[in-house]
Structure formats: C-alpha cells, structure tokens
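A.B. asks: The structure that follows is given in the form of structure tokens.
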Amino acid sequence: MTLQASSRHGLSSALRSLEHRLQSLRVNGSITTVKSRRCLSTEPTSSSTPESALVRAAPEIDLDALSRRIPKVPPGGLKVQYARPVPLSPSYFARTARFNDKYLALEKLLKTYENLPIIPYSETERTVWKSLNDFRRNVGEPVKASEYVKCLEIIKRLHQIHPKLKPQAVKDALSDFVRSVQAFQSNLTAAPIDKFGRAIGNGRRKASTARAFLVEGNGEVLINGKTLAEYFGRVHDRESAVWALHATGRLDKYNVWATVEGGGTTGQAEALTLAISKALMAHEPALKPALRRAGCVTRDPRRVERKKHGRVKARKGPTWVKR
Amino acid sequence: MSAPNSLRCLARPSTSNAVSASLSLSFSGLRIGAAAPFSTTSARDSSIAKKSVNREPAAPYRAGKKLKIGKFKKNKVVERGKAPLPGERKAYRKKIVLTNDNALPVKWVQEMGPNHLQDVNNVGKVVSLPDAVQDQLRISEAFQPSQSWKMFRKPSTLIREETVQMVSKMEKAVGNKKTARLVLAGDKLTGKSLLLLQAQAHAYLNGWIVIHVPDAQELTTACTEYAPIPDTNPVQYMQQNYVLKLLQSIKKANEKVLSKIFTVSSHPELPQNIPVNSPLLALINAAKEAEGAWSVFHALWQELTAQNANRPPILFTLDGLAHIMRISDYRSPAFELIHSHDLSFVRTFVEALQGKTNFPNGGAVIAATSRSNAPRAPSMELAISQRIAEQEKNPEVPKSDPYFKGYDERVESSLKTVEVLKVKGVSRPEARSVMEYWAASGLLRATVDEHQVTEKWVLSGGGVLGEMERAALLTMRI
C-alpha cells in the first residue's frame, strides 16, 4: 500500500482514511493497550535506538488467555476461536510508516497550536533542519523529497510560533528535525590576547602553515627571523603576507612575528595572510567584515589536483599520435 | 682580461683595434654622448655597423640552425638581423645612463655642496650631484648599472643618517691628520655602494684625492694579467693592466688636484725620468703602457704617502670587500693558489685599511661589502660581527667556530682594528622625503601620505632603500 497524495491535503486525508480502515479491523482495543514487546508497532518503543526500531515477529497468540480476558462470559462458555495481531500504527502497512506517523503528529500539533502568535521566519532562531538524506537515514525509510518538503513546511510554521509561548510538545517535535551540527550556532571563540599583548593566529594555504603573533607596534615584520624583504623575494608575496593589515589600514599599528613552514613562497605568503588576519581579529573583532571583504577570513581549500591515469598530468591529455 | 676603460663607454666599440681605439674613445665618448647618452640611435645607426661589416666580411649573420619554411621551398633563410659586434652586448649591459628626459626636473632639490653631507640638519634631504662631480664619479666608476639613475632627470642622493655619520668620521679623522678606516656592512640593497659614492662625492667636492676600486672581483678572480714582482720575499704579484686602467681613471678624475701637487723624490725605476718637484700628473702620465704601470703606481703611492709633504687628504675606497678577503683564483708558478693579500695592489689597500699606511694629511679608507656578488669569507664575516659587538659594547662577542677549518688568520688580522658602519634601512622621515622626490620626478603616481610611506616602508623590510624602489617604482601595477 503506497500513499499517492499529490498535495499536502491529499496526503493527510489519505492517511486519515487509512487510519479509519485499520481501526475497524481491530478485534479488541485491549490487545493494543498491552504494553508488551509486541513489536508489530511502528512506534519504536525506546526511541531512536536502531535495535528497537527493528521489527520483530509477534509472539504466539494464546487463545485461552484471550478468552479469560473477555468479560461477561461464563467460564467454559464462549471461547475465542480467532484472533490476529493488529499493528499499533495505522500506517503500519504504508511504505514510510514512521514518517507518516511523524507527519500526522506534526499536523495535529499544528492544528492544536494554530492560533498561537507567530513571528516572521527571518526573526526566528536560525536553525538548520535535517537534510533529506539525513532524515532518510534517521527513520530508515525511503522518504520522498516532495513529501519531506511538505513536512518541513509544517515544521517551519511551527518554528515560527513565538518562542516565549512555544509549548514543550512543539519543541520536542521539532527537535527530531534539527540537524545535529548547527553551523549558525558555532560561535568562534576569539583568540585571547596574552599578558604581553600578543594575539596568535594560525593560517593555512596549499601545503603551508603559518603562525603569526601580533602585537601593537609600528609595522615591523619578522618571518622565521628574517625581515619581510629578506624572506620573500617577490614584492607580490610581501604584499599578500601583510594584506590583512594593509586592507584595514593597520600596517603601522602592529608588529608581526611569524613562523611559516611547508609549501612554496605563494602558499607561505597566503598562509600568513590568514594567520595575521585571525590574530588581527583577536585584537579588533569589529574588523571581521572588512577582512572578509578583503578575502582574509576564509581558508582557500584548493590543493594540487591529483594526477589521473591515462593523463599526463591532472588534466593534460597525452600527445596525439596517428598510429 | 678586462678591456681597459671601454666597457662603460657609451660609444659603440669598433671591432678592429679595440684596445687602442677605446683609450681615445672612452673619455671623449663621454662628452659626445652627453647630448643624448640614453638614446638608442647609435645602436640603430646603420653607418657604423656597415663600416665594421665592410672591414670584416666574415659572418654577417648569426651562425646556427636555419629555419626552413614550407616543405619544398629550399634554402629560404629567415633573416634575423645582424648579430651584435663583439663586446657590444657587454657595453650595453654596463652602460651607465644618468638622465631621463621624460622624468620631471625637481626644482626644490639643491645641488650638493662641500659641507652638505656632514651637517646633521641635512638628514633626510635629497641633493643632486653637481655636473663636475658627476663626471668624476663616472670616471671612477662609482655609478653602477644596477642602480636606477636612468629613471631620473638628474642624479640625486638622499642624505641619510649613515651618510652624515660616515662623512663626519672622515672629516674628524682628517682634522686630526689621521685615517678613518671603515667597513660598510649591511643587508642586501641597503645602499652600501651608494654610501661609497657619497663619500667620493664629498671627497671630490672638498679637493681630496680619490682612488676607487669599483669592483674588487676584477682583482682576484684571475681575469686580469699578473706577474711576480722581482726581488720580493714572499713573492708578491702585480696586475699591470688593471693598474694602468686605474691610473688613468685616477688621472682623469683627480686632474685638478694632481696638477697642483708635486713630487718630493726622484723615481729612478720609472721608465721615464720624472724630476723632483714635477706635478704628480706628470708622474701618472709616465704610465703609457701596461708594462711599467705597476712601478708608476708604486711611485705615486710613495708620493701620496710621503710624510711631511703637502698632500691633500686621500680617500681610498673599494667595493666588494669579500673578494679580497679570500684566497684568489691566481696560481703561483708552483701551481699553488695565491692569497689575495699577496697581490701587491690588494695588499696596498689592505695595509691602508689595517692602519699600517699613514697619509700625511689624513684621509679615509672605506670598504663596502656586497651581498649580491660575494664569495664566502667566513673570517671577514666573523671579524665584522665581532667589531659590531665591540662597538655596541655587547658583552657577547661572537667567537670562531672551533670545528670549522675555513678561517683565515691574515684576514682576521687585517680587520682587527677597523670600524664597521652598519647600514640599515632608512627611517620613516627619510623614506618620506625620498618618496616625495620620486613623486616630484613623476615616477611615483600615488599621493605621498603617511599610509603610502608606511606601506612601502613595511614592504621593503623596514626601509631598505633598494627594496622600496622595487616596491614603488619597479613593480608594474596593472
């Protein structure tokens, strides 16, 4: 049985009709209320542990025991002759049972709290929701992208509920959809400034690593014990090494003492850019936007491209030969 | 062999009788070329080239593989133009251009006067070299092709703190009738050779006698002829060709002074009879050929150092000290390498630097180290670092490495008592004034403000002048 709902409304109505049909199939409510390890249920008993999510076969049905539990029947009178296990969730036979349950729960929540005041989404706490792949992996079901999008729409609407009035149930429901690593919440800890007034910054580029100590001063630069001109023969490299200070007009305000290792001159110079800019941000955090505009904040991830077989270099093709 | 004089001459050297012609050409060529020394017209002038080709019909084209175009068109030779004549490339490489008509003249730059360089108040000023001094410096080869004189309208220099220090040391020594013995040491492109030039300019303006060795490597890399001096023990060697060239440049550059001072003794060993009380110019004129040049120089040196004689102060300078502080590339008849200090001319300089020579009215001996073209001279480096530590009253004087064999005792003893002047980067105010001069010459297009000065000062590794020039003037910005 697959759900084929073209719209959000259609999806939920289909689910609901399914629920009705399954309820009519129930023999007795008492069977379903038994808190046993009847793992026919689609609801995981202890949430999110993958083992409990496994579906186990239901135990054998004891007809005698069932007969005894039927009230108002004289002993030795009526005997239960037929019984069958019924799934806990109406979505049990659906392709994406757990997802369906979650979806229905969310919809119910939305209906319940529809009238709570909301704030614009842009003003809500910035949150990264699980990606489709993450969610699929989490529930272990082939959730369709279009269905997940609809699910996210409800989530975002619920997320918009004013934070002071947000019920715990909503918070709990949303927590299932929050990505475990929150990029927006990672607050970079600014490098501390030590008792000598130094701030240290690290930077990398290509195969080079740089460590720069920045102190207030008058623009002297020492790299591996040499002056800027001694260390870098190319004027361009010198410029890129102190680019962070140059771009922010701080060239004559700080002294730099740095060590660089690995790689070539360009890599070392640009590793220094990053190191110095990080150390500068420790001194003046407000410079971060200016430094970002100057291209001194993001590490350049490019490395040497590997050589491929059948090619002379990474991309260069072999020389064409007629025969 | 180094071609006498002709290398830095602007005239196009002729192929035949190169040596004899160049002597007459070299200095007259200066005046001819003075009209437009930077022009390329002489190189393009076909008449000169044609003449030389007519004289020597061999090999009008460059030899080598010929480019064939097309499969069937045989013997089609692509003309590549005429190959430069022998020596022409070197002459072009060594050409000194001192003016640029496209640069703006800077009106506020004063001409250098005799007392300019020793005044502390002048630190940070840019002064231009007077025409007469320019000629003298050109003759003594104080200008180098790697320096960027060719970018400016008129050769000018910055008076920096080191200049005043050096010149006041020279003046103080002369006041006491002593010799200032200095070694200029410092990083690459800091302006050591330029300080030598300033010392010479000061000396010329004050009527000193100047002897300048533009490049010490010519003396010790076995590129000029040498011969043992008879009756010397241990054997010493003379380099007559080099000395002849040097004598001629001394004569030309110091003509006025030399014509006013007179010999005090007769020199019977000279090829020509020079009576007592004849001008020193006549003595130098006795050196007509390489043969006998050494004896003339020897006589001249004796005259200049003659005690109780009326002599002007003497400035003896040398660029590239490391080259004479090592074992030379020359070999003795027993095929053993000759120590540089056994070359007689080098010894003359080293003894003066050591303080063994007394100039009658004082003077200065200045040697500049070089960082771009310098052989390893561990003893010299050690001695210089020791002198610096002593001058700074640093309790930790560097010691020689006990496990290193390459030290040279003669070198160490020769630098035992010299004074080392450490040449560093210029200060910010000096940097600013030199940048203002660049801007006024129309070479620096940016506004010279605090920001700009700081930027160039930092990029040059703390005011290293040559690097500042590279960062500001020689780097193309697109």
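The values are calculated or read from the model by the stated rules, or taken from the named source; none is laboratory data. Keep in mind it's a predicted model, so treat the numbers as computed, not measured. Because the Cβ atoms are built from the backbone with ideal geometry, glycine has one as well, and the counts that use them run over all protein chains shown.
A.B. asks: Yes or no: residue B:299 outside any helix (DSSP H, G or I), crowded, with 18+ Cβ neighbours inside 10 Å and of a type outside the set (Asp, Glu)? It would help to see each step written out before you state the result.
C.D. replies: On the way: outside any helix (DSSP H, G or I): no; crowded, with 18+ Cβ neighbours inside 10 Å: yes; of a type outside the set (Asp, Glu): yes.
So residue B:299 fails the test.
A.B. asks: Now for a different question. If you take the residues in the stretch B:219-230 that are of a type outside the set (A, V, I, L, M) and surrounded by fewer than 17 Cβ atoms within 10 Å (Cβ to Cβ), which one is farthest from the chain's Cα centre (by Cα)?
C.D. replies: B:230
A.B. asks: Out of the residues in the stretch A:229-252 that are among the aromatic types (Phe, Trp, Tyr) and part of a helix (DSSP H, G or I), state the one that is nearest to the other protein chains (Cβ to nearest Cβ).
C.D. replies: So in the stretch A:229-252, the residues among the aromatic types (Phe, Trp, Tyr) come out as A:231-232, A:243.
From the residues that got through so far, the ones that are part of a helix (DSSP H, G or I) too are A:231, A:243.
Values: A:231: 8, A:243: 11 Å.
Once the filter is applied, the top-ranked residue is A:231.
A.B. asks: Is it true that some residue in the stretch A:280-301 is touching a residue at least 40 places away in the same chain (Cβ under 8 Å), polar (S, T, N, Q), out of contact with any Leu (no Cβ under 8 Å at 6 or more places or on another chain) and more than 10 Å from chain B (Cβ to nearest Cβ)?
C.D. replies: Looking for residues that are touching a residue at least 40 places away in the same chain (Cβ under 8 Å), polar (S, T, N, Q), out of contact with any Leu (no Cβ under 8 Å at 6 or more places or on another chain) and more than 10 Å from chain B (Cβ to nearest Cβ), one finds none in the stretch A:280-301, hence no.
A.B. asks: Tell me which residues, restricted to the stretch B:198-207, are touching a Leu at 6+ places or on another chain (Cβ under 8 Å) and either surrounded by fewer than 24 Cβ atoms within 10 Å (Cβ to Cβ) or at pLDDT below 95 (or both). Write out each step before concluding.
C.D. replies: Step one: filter the stretch B:198-207 for residues touching a Leu at 6+ places or on another chain (Cβ under 8 Å), giving B:198-204.
Within the stretch B:198-207, just B:200 meets the criteria.
A.B. asks: Being out of contact with any Pro (no Cβ under 7 Å at 6 or more places or on another chain), hydrophobic (A, V, I, L, M, F, W, C) and within 11 Å of chain B (Cβ to nearest Cβ) narrows it down to one residue among A:193, A:200, A:223; which is it?
C.D. replies: Values: A:193 fails: within 11 Å of chain B (Cβ to nearest Cβ); A:200 fails: within 11 Å of chain B (Cβ to nearest Cβ).
It is A:223.
A.B. asks: When you check residue B:256 against the structure, is it in contact with a Phe, Trp or Tyr (Cβ under 8 Å, 6 or more places away or on another chain), assigned by TED's automatic domain parsing to the domain that holds residue B:229 and among the basic types (Lys, Arg), yes or no? Before you say what the answer is, go through the steps one by one.
C.D. replies: On the way: in contact with a Phe, Trp or Tyr (Cβ under 8 Å, 6 or more places away or on another chain): no; assigned by TED's automatic domain parsing to the domain that holds residue B:229: yes; among the basic types (Lys, Arg): yes.
Taking the combined requirement at face value, the residue does not satisfy it.
A.B. asks: Collect the residues in the stretch B:165-197 that are more than 14 Å from chain A (Cβ to nearest Cβ), surrounded by fewer than 24 Cβ atoms within 10 Å (Cβ to Cβ) and basic (Lys, Arg), keeping them in residue-number order.
C.D. replies: If the condition is that a residue be more than 14 Å from chain A (Cβ to nearest Cβ), surrounded by fewer than 24 Cβ atoms within 10 Å (Cβ to Cβ) and basic (Lys, Arg), then B:169, B:172, B:177, B:178, B:181 are the ones that fit.
A.B. asks: Only one of B:416, B:405, B:422 is closer than 25 Å to residue A:231 by Cβ and either in contact with a strand residue (DSSP E or B) (Cβ under 7 Å, 6 or more places away or on another chain) or assigned by TED's automatic domain parsing to the domain that holds residue B:158 (or both); which? So that I can check it myself, show each step before the final result.
C.D. replies: Details: B:416 fails: closer than 25 Å to residue A:231 by Cβ; B:405 fails: closer than 25 Å to residue A:231 by Cβ.
Within the list B:416, B:405, B:422, the selection yields B:422.
A.B. asks: Looking at A:198, A:205, A:211 in this structure, which one is at pLDDT 95 or above, farther than 30 Å from residue A:105 by Cβ and either within 28 Å of the chain's Cα centre (by Cα) or surrounded by fewer than 17 Cβ atoms within 10 Å (Cβ to Cβ) (or both)? Write out each step before concluding.
C.D. replies: On the way: A:198 fails: either within 28 Å of the chain's Cα centre (by Cα) or surrounded by fewer than 17 Cβ atoms within 10 Å (Cβ to Cβ) (or both); A:211 fails: either within 28 Å of the chain's Cα centre (by Cα) or surrounded by fewer than 17 Cβ atoms within 10 Å (Cβ to Cβ) (or both).
Result of the check over A:198, A:205, A:211: A:205.
A.B. asks: I'd like to check something: does the stretch A:89-105 contain any residue that is without any contact (Cβ under 8 Å) to a residue 40 or more places away in the chain and within 20 Å of the chain's Cα centre (by Cα)? Can you show your working first?
C.D. replies: In the first step, residues of the stretch A:89-105 are kept if they are without any contact (Cβ under 8 Å) to a residue 40 or more places away in the chain; the result is none.
Within the stretch A:89-105, none of the residues are without any contact (Cβ under 8 Å) to a residue 40 or more places away in the chain and within 20 Å of the chain's Cα centre (by Cα).
A.B. asks: Going by what's in this entry, would residue B:244 be described as closer than 19 Å to residue B:219 by Cβ, in a helix (DSSP H, G or I) and in the same structural domain as residue B:143 (by TED's automatic domain parsing)?
C.D. replies: Working: closer than 19 Å to residue B:219 by Cβ: yes; in a helix (DSSP H, G or I): yes; in the same structural domain as residue B:143 (by TED's automatic domain parsing): yes.
It is true that residue B:244 is closer than 19 Å to residue B:219 by Cβ, in a helix (DSSP H, G or I) and in the same structural domain as residue B:143 (by TED's automatic domain parsing).
A.B. asks: For the stretch B:382-478, list the helices (runs of 4 or more DSSP H) that sit wholly inside it and hold at least 2 residues that are crowded, with 18+ Cβ neighbours inside 10 Å and either of a type in the set (A, V, I, L, M, F, W, C) or within 14 Å of another protein chain (Cβ to nearest Cβ) (or both); which are they?
C.D. replies: Working: elements: B:409-414, B:428-440, B:450-459, B:465-469.
Once the helices (runs of 4 or more DSSP H) in the stretch B:382-478 are filtered for at least 2 residues that are crowded, with 18+ Cβ neighbours inside 10 Å and either of a type in the set (A, V, I, L, M, F, W, C) or within 14 Å of another protein chain (Cβ to nearest Cβ) (or both), what remains is B:428-440, B:450-459, B:465-469.
A.B. asks: Being more than 10 Å from chain B (Cβ to nearest Cβ), free of Cβ contacts under 8 Å to residues at least 40 places away in the same chain and either under 22 Å from residue B:425 (Cα atoms) or touching a helix residue (DSSP H, G or I) at 6+ places or on another chain (Cβ under 9 Å) (or both) is true for just one of A:263, A:217. Which residue is that? Spell out the reasoning first.
C.D. replies: Working: A:263 fails: free of Cβ contacts under 8 Å to residues at least 40 places away in the same chain.
Of the residues listed, the single one that is more than 10 Å from chain B (Cβ to nearest Cβ), free of Cβ contacts under 8 Å to residues at least 40 places away in the same chain and either under 22 Å from residue B:425 (Cα atoms) or touching a helix residue (DSSP H, G or I) at 6+ places or on another chain (Cβ under 9 Å) (or both) is A:217.
A.B. asks: Considering the stretch B:331-343 alone, what residues qualify as being crowded, with 20+ Cβ neighbours inside 10 Å and among the small types (Gly, Ala, Ser)?
C.D. replies: Correct list: B:340 only.
A.B. asks: Here's another thing I want to ask about it. Which numbered condition trips up residue A:270, out of (1) at the interface with chain B (Cβ under 10 Å from one of its Cβ atoms); (2) buried (at least 21 other Cβ atoms within 10 Å of the Cβ); (3) among the charged types (D, E, K, R)?
C.D. replies: Just one mismatch for residue A:270, condition (1).
A.B. asks: Okay, moving on. May I ask you to say which residue of B:430, B:467, B:419, B:455 is more than 30 Å from residue A:235 (Cα to Cα) and not basic (Lys, Arg)?
C.D. replies: Numbers: B:430 fails: more than 30 Å from residue A:235 (Cα to Cα); B:467 fails: more than 30 Å from residue A:235 (Cα to Cα); B:455 fails: more than 30 Å from residue A:235 (Cα to Cα).
Step by step, each of B:430, B:467, B:419, B:455 is checked, and only B:419 is more than 30 Å from residue A:235 (Cα to Cα) and not basic (Lys, Arg).
A.B. asks: When you check residue A:277 against the structure, is it of a type in the set (Ser, Thr, Tyr), crowded, with 16+ Cβ neighbours inside 10 Å, closer than 19 Å to residue B:455 by Cα and away from chain B (no Cβ under 13 Å), yes or no? Reasoning before the result, please.
C.D. replies: Values: of a type in the set (Ser, Thr, Tyr): yes; crowded, with 16+ Cβ neighbours inside 10 Å: yes; closer than 19 Å to residue B:455 by Cα: yes; away from chain B (no Cβ under 13 Å): yes.
So residue A:277 passes the test.
A.B. asks: I'm trying to understand the selection: among the residues of the stretch B:136-160, which are over 16 Å from the mean Cα position of the chain (by Cα), under 12 Å from residue B:191 (Cβ atoms) and part of a loop (DSSP other than H, G, I, E, B)?
C.D. replies: B:159, B:160
A.B. asks: So, one more: In the stretch B:190-213, which residues are within 15 Å of the chain's Cα centre (by Cα) and on the phi > 0 side of the Ramachandran plot?
C.D. replies: B:191
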